[in-house]
Amino acid sequence: MPAEPADGGNDTAMETRGLEPVPDAERGGRARELVPTWVAANISVLLLTMGAGLVILNGLNVWQVLVVAVAAPVVSYGIVGLISIAGKRGGAPGMALSRAVFGQRGNLFPGALIWVARWGWETINAVSGAYAVLTVLDLLFGIKSNTTLIVVTLLFFVGCTFVVSGLGISALRVCSTWSTYLFGGFSVLVLGHLLFTTDWAAVLGKPAGSTAMMVAGIGTIAAGGISWVPSGPDFTRYLPRTASSKGMVGATIGGAGIVVLPMVLMGAVMAVGTPDLATAQDPVSFIGELLPTWIAVPYLLIALVGMLLINSMSMYSAGFTAQTLGIKVPRAWAVSVNAVISLVFGFLLMVVATSFFGSFISFLTLLAVAFSAWIGVFGVDMLRRTSYDGPALLDTTRTSAYWYRGGFAWQAMTAWAIALVVGLLFTEVDWFGGPLADTWIGRNGLGWVAGIVTSGALYAVLPRTAPTGPAAAPEQLPEPDQVPEPEPEPEPAGSLSN
């Protein structure tokens with residue numbers, strides 16, 4: 001995928017384009033180039049901890065963990081891939097396209113909730129990255145963690161994240177590609193070490209857990225992918241309209257799956273030798289205990305780059321979300337708001353919180369519910385349209401075609417609000433429990449599924465909201481998959497691609 005001309009033609013390293021749609025002339029690439037993006041979005045040692053949790057907390061055996069590790073990325077990143085099709089249709093970030101669904105004012109409500117939810121995700125990753133730095137310092141120099149060092153490592157991690165996400169899409173693509181190769185190579189070394197050092201009789205002899213815990217495990221692992229759904233269009237807006245929709249979905253699932261599957265399985269296997277892995281306050285230091293230093297140190301450093309990329313991608317999208325909320329600053333500066341928030345919350349989680357894993361799982365569960373209500377409405381709307389009115393997306397006044405009634409599309413708002421409540425009714429975490437959490441749906445951790453189904457079904461049966469205002473309706477272009485895909489033009493010299 002060609003590097004993006006920053007602001008309509010200036011060939012610079014920093015992306016300066018904000019919410020405005022990408023013109024067709026500045027698009028390029030193929031769907032398969034999304035694979036490194038979604039590989040990088042999952043390079044996190046937290047997947048090892050979550051795999052261990054499936055064994056220790058959910059009571060699953062390795063075969064059930066295998067089912068979870070396959071099903072979770074297919075379900076969650078399948079949804080990411082489907083929603084990302086809107087990016088090539090509209091050429092704008094996901095939460096900007098959401099204005100066409102909820103209205104210019106109505107979009108502020110799901111946008112604010114999604115923006116706040118990103119604070120938690122970025123905090124979790126900042127903490128994991130800081131723990132990775134602390135573990136490397138301990139392994140190499142014997143430096144033990146203390147409050148001052150925690151602050152320094154958090155500042156280092158968040159600062160690096162701010163730089164990469166501030167540079168924009170081109171920097172993310174280059175970093176994603178190289179981290180994919182490096183992390184893949186060292187993961188093979190870790191797998192080889194586990195093959196020869198694991199007590200396989202104990203691993204394979206573990207009895208099976210309940211089906212309910214397996215289904216709940218799929219939801220837990222899938223929640224990480226669900227959190228990327230509104231961001232999917234952010235990474236496909238530079239693809240041409242003729243890019244294969246099926247290829248986009250396949251590349252998204254494939255990129256995520258080739259990381260999630262082995263990482264979750266490795267965590268499950270490691271849990272046999274380290275049963276307290278799933279409940280440790282520090283979710284990273286166990287790697288230094290289970291692996292020889294010559295593998296653990298480079299593996300942690302590469303994983304650190306991966307976690308930095310995850311946070312950079314999240315902050316990149318969060319910058320767009322902040323702009324849709326009316327924060328009148330360039331995207332790069334909008335990113336700084338989330339950087340500061342992740343610093344503050346990260347410090348509290350590392351110094352004050354008593355259980356990292358418990359806080360993490362509770363957050364993931366609520367995150368999935370918060371995003372699911374938006375997914376159902378936006379997904380059904382995608383089935384009804386093939387294009388977006390670019391000027392109307394940017395026009396936040398009464399003249400916008402997406403102003404609807406008073407700035408609200410009441411059908412979308414109604415479906416979203418009801419689904420959000422329904423999802424919470426079936427959800428239970430450490431410090432919150434819905435009244436329907438003891439039902440079959442609640443016990444199987446399917447509150448987020450209830451949210452998607454509820455919002456999608458309600459929005460589908462409610463009367464469709466017609467665009468308003470003087471803006472002319474855009475020409476309805478044919479669905480890209482229904483026209484022949486032209487041969488790609490040669491990339492200009494010096495362009496960046498995945």
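The values are calculated or read from the model by the stated rules, or taken from the named source; none is laboratory data. Because the structure is predicted, anything quoted here is derived from the model rather than measured. Every residue, glycine as well, gets a Cβ built from its backbone with ideal geometry; the counts of neighbours run over all protein chains shown. Just so you know, the surface numbers come from the protein's heavy atoms only, side chains and all, with ligands and any DNA or RNA stripped out. Shrake-Rupley method; radii C 1.70, N 1.55, O 1.52, S 1.80 Å.
Hey, does the range 260-283 have a residue that's under 23 Å from the mean Cα position of the chain (by Cα), among the polar types (S, T, N, Q) and open to solvent by 10 Å² or more (accessible area, probe 1.4 Å)? Reasoning before the result, please.
In the first step, residues of the range 260-283 are kept if they are under 23 Å from the mean Cα position of the chain (by Cα); the result is 260-268, 278, 282-283.
Then drop every residue that is not among the polar types (S, T, N, Q), which leaves none.
No, every residue in the range 260-283 fails to be under 23 Å from the mean Cα position of the chain (by Cα), among the polar types (S, T, N, Q) and open to solvent by 10 Å² or more (accessible area, probe 1.4 Å).
Here's the yes/no breakdown for (1) open to solvent by 10 Å² or more (accessible area, probe 1.4 Å); (2) small (Gly, Ala, Ser):
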| residue | (1), (2) |
| --- | --- |
| Asn42 | yes, no |
| Gly51 | no, yes |
| Leu54 | no, no |
| Asn58 | yes, no |
| Trp63 | yes, no |
| Val67 | yes, no |
| Ser76 | no, yes |
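Against the definition (surrounded by fewer than 22 Cβ atoms within 10 Å (Cβ to Cβ) and either modelled with pLDDT under 75 or over 16 Å from Pro298 (Cβ atoms) (or both)), how does Val163 come out, yes or no? Judged against the criteria, Val163 is a match.
Working only within the range 81-98, note down all residues that are of a type outside the set (A, V, I, L, M), open to solvent by 10 Å² or more (accessible area, probe 1.4 Å) and modelled with pLDDT of 95 or more. Of everything in the range 81-98, nothing turns out to be of a type outside the set (A, V, I, L, M), open to solvent by 10 Å² or more (accessible area, probe 1.4 Å) and modelled with pLDDT of 95 or more.
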